[in-house]
1. What residue, among those in region 1-17 that are within 16 Å of Ile81 (Cα to Cα) and either away from the ligand (no atom under 16 Å from the Cβ) or assigned to a helix (DSSP H, G or I) (or both), is most open to solvent (accessible area, probe 1.4 Å)?
2. For residues in region 104-121 being within 16 Å of the ligand (Cβ to nearest atom) and open to solvent by less than 30 Å² (accessible area, probe 1.4 Å), which is nearest to the chain's Cα centre (by Cα)?
3. Quick check on my filter: what residues within region 38-55 are away from the ligand (no atom under 14 Å from the Cβ), outside any loop (DSSP other than H, G, I, E, B) and either small (Gly, Ala, Ser) or buried (at least 17 other Cβ atoms within 10 Å of the Cβ) (or both)?
4. If a residue must be more than 16 Å from the ligand (Cβ to nearest atom) and either among the hydrophobic types (A, V, I, L, M, F, W, C) or open to solvent by less than 40 Å² (accessible area, probe 1.4 Å) (or both), how many such residues does region 65-87 contain?
5. Taking the condition within 17 Å of Ser160 (Cα to Cα) and either in contact with a strand residue (DSSP E or B) (Cβ under 7 Å, 6 or more places away or on another chain) or in a helix (DSSP H, G or I) (or both), does Val193 pass?
6. With a cut-off of at least 3 residues that are assigned by TED's automatic domain parsing to the domain that holds Lys214, name the strands (runs of 3 or more DSSP E) lying wholly within region 56-171.
7. For region 88-98, does any single residue satisfy the condition of being within 16 Å of the ligand (Cβ to nearest atom), on the phi < 0 side of the Ramachandran plot, open to solvent by 50 Å² or more (accessible area, probe 1.4 Å) and at pLDDT 95 or above?
8. Can you confirm whether region 202-214 contains a residue that is free of Cβ contacts under 8 Å to residues at least 12 places away in the same chain, basic (Lys, Arg) and either closer than 27 Å to Glu88 by Cβ or surrounded by 15 or more Cβ atoms within 10 Å (Cβ to Cβ) (or both)?
Amino acid sequence: MARETVFVVEDEEDIQELITYNLMKEGYHVRGFTNGEDALVQLRNGKSDCIILDIMLPGMDGLEMARAVRNSPGTKHVPIIMLTAKGEEADIVAGLELGADDYIVKPFSPRILVARLRAVLRRKQERPVEDQRPVKIHNIEIHPGRHEVMIDGKAVTLTSSEFKALHFLSSRPGWVFTRYQIVEAVHGVNYPVTDRSVDVLVVGLRKKLGKAGKYVETVRGIGYRFKEQ
Ligand code: CA
């Protein structure tokens with residue numbers, strides 16, 4: 001049984017109850033908050049293994065809270081799953097760029113929520129990705145040290161940017177990244193490129209990957225993700 005403590009920050013009582021009930025049933029300890037200010041105080045005093053955070057909150061909103069969590073040394077590694085309303089892609093992008101780990105769009109099924117929570121907690125325990133370690137996923141092998149990509153054992157030639165983007169995404173399968181996060185991984189911070197140029201990069205990458213190109217998935221309005229195995 002799970003024994004992790006999950007903070008749930010959500011001002012809508014029925015949703016708060018739904019989440020609490022389902023997580024407790026799975027064995028999680030749950031602490032509920034109806035605003036970000038109270039949750040932050042308790043976060044500084046006690047342990048939390050994950051925060052399920054609604055974006056629309058009275059007072060400090062979820063994005064401000066996510067920023068505060070990430071900016072504080074004691075809490076910056078606590079995973080955050082954002083709750084968002086349908087059609088709030090701009091908020092999701094902002095949240096991911098602030099360092100949220102995942103997001104769920106309302107209305108959601110409790111089973112999906114539990115599955116996402118498990119995935120986020122599992123990733124937290126995994127060792128951080130070593131940049132030089134080869135990635136083997138689906139039928140693709142990526143060797144960062146040799147700058148080499150093999151599909152079904154056959155070498156594929158990529159540009160340096162395509163290679164970096166593929167390595168970045170495939171090292172974290174299932175994670176959604178915004179275009180800005182991809183640019184940052186490929187070129188470093190503050191590199192002046194447009195969203196459109198990331199899309200062009202991905203189109204080129206997919207083409208060179210052939211059938212394996214389908215593993216680079218578009219997440220509409222948000223960015224891209226590499227398909228999990
Ligand atoms: Ca709300």
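The values are calculated or read from the model by the stated rules, or taken from the named source; none is laboratory data. Just so it is clear, the model here is predicted, and its values are computed rather than measured. Heads up, the Cβs are rebuilt from the backbone with ideal geometry, glycines too, and the neighbour counts pull from every protein chain shown. Side chains included, ligands, DNA and RNA excluded: accessible areas come from the protein's heavy atoms. Shrake-Rupley method; radii C 1.70, N 1.55, O 1.52, S 1.80 Å.
1. Glu4
2. Ile104
3. Leu40, Leu43, Cys50, Ile51
4. Our first condition is that a residue be more than 16 Å from the ligand (Cβ to nearest atom); within region 65-87, this holds for 67-79.
Within this subset, residues satisfying the condition of being either among the hydrophobic types (A, V, I, L, M, F, W, C) or open to solvent by less than 40 Å² (accessible area, probe 1.4 Å) (or both) are 68-69, 72, 75, 78-79.
Counting residues in region 65-87 that are more than 16 Å from the ligand (Cβ to nearest atom) and either among the hydrophobic types (A, V, I, L, M, F, W, C) or open to solvent by less than 40 Å² (accessible area, probe 1.4 Å) (or both) gives 6.
5. Here the answer is no, as Val193 does not meet what is asked.
6. Per the criteria, 135-137, 140-143, 148-151, 154-156.
7. Checking region 88-98: not a single residue is within 16 Å of the ligand (Cβ to nearest atom), on the phi < 0 side of the Ramachandran plot, open to solvent by 50 Å² or more (accessible area, probe 1.4 Å) and at pLDDT 95 or above.
8. yes
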